[in-house]
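Values quoted throughout were computed directly from the atomic coordinates according to the rules given, and no laboratory measurement underlies them. What you are looking at is a predicted structure, and each value in this text was computed from that prediction instead of being measured. A quick note on method: Cβ atoms are made from the backbone with ideal geometry, for glycine too, and the neighbour counts reach across all protein chains shown.
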Amino acid sequence: MTLVASVLTTKAGQGSSTLALSLAWAAAERHRVLLCDADMSGTGNLAELLALDCGSRGIGNLFGTQAVSPALIEQQVVRVPSRPHLRVLAGLQGFCGPGVAELLPRLVPALRALPDELVLLDLGAPLAHPGQESPRRAAEAVCTVSQRVLIALQDGPPRLIKSIQVLKAARPPQAELILFQTRGGALREQIRRTLAEHLPGVRVAAVLPWDERRAIRCEDHARAVPQPGLLEALELLPVRAAGRR
């Protein structure tokens, strides 16, 4: 059975693509994984982070009047040579796509029919897409098609205030926060209390260090930023013994 997990953020630049790629890379060590760049802002960069040459293939070829089928998706994906169990559906370049409330109901049923064990959707910042009717409707669309919804946030106070405002407006039926940590000491504890107070129904599933220099080094080598133990801590997939496929 294919598990669909969505990774998103409230504002571009907070690490949703970094998180999605780290999870996909770790999972693909022992599982078949499809990483789908579904950032409809037109700035998706997952293929570039892995230095993949996708040619004209990508999610943009799935738009139009034709129904999205598993066979059509298979024509658009690219396998990662250095990670054979990982495939990527490249994102849009230079133009915006539809909001998630329109996109996901057409896309996800076909994704579930693929042979991959895990489909990771990097949605960018869909709750603020200019074409959406409301953040609430966008959040409902994401949660309807996803078994897990992971929201990447950085803990800088100005960004965090804005993120809380967006999530209060969206009220996602299910969500888990992945907090990228840039602050320490007393401010770190204050941030945790603020999240618990203003988003009581949303748990912090993981707290990760944010190291900009390490992210740049990984990008230069077309590799994911390693997050040891994160995949297991989130329990996205069943544990599989080494050597089994």
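For this structure, a couple of remarks:
- Computed over the chain, relative contact order equals 28 percent, with contacts defined as Cα pairs under 8 Å that lie 6+ residues apart.
- Radius of gyration over Kirkwood radius for region 3-234, both on Cα atoms: the Rg/Rh ratio is 0.95.
- Think of each Lys and Arg Cβ as +1 and each Asp and Glu Cβ as -1; about the Cα centre, that makes the dipole of region 1-115 roughly 280 debye.
- Among Leu103, Leu19, Leu111: highest mean-square fluctuation, GNM of the chain, C-alpha pairs under 10 Å: Leu103
- When only Cα pairs below 8 angstrom with a gap of at least 6 residues are kept, region 1-72 shows a relative contact order of 17 percent.
- Residue among Leu160, Ala101, Gln132 farthest towards the positive dipole end of region 3-234, charges placed on Cβ: Leu160
- Listed residues Ala20, Ala222, Ala67, most fluctuating in the chain (Gaussian network, C-alpha, under 10 Å): Ala67
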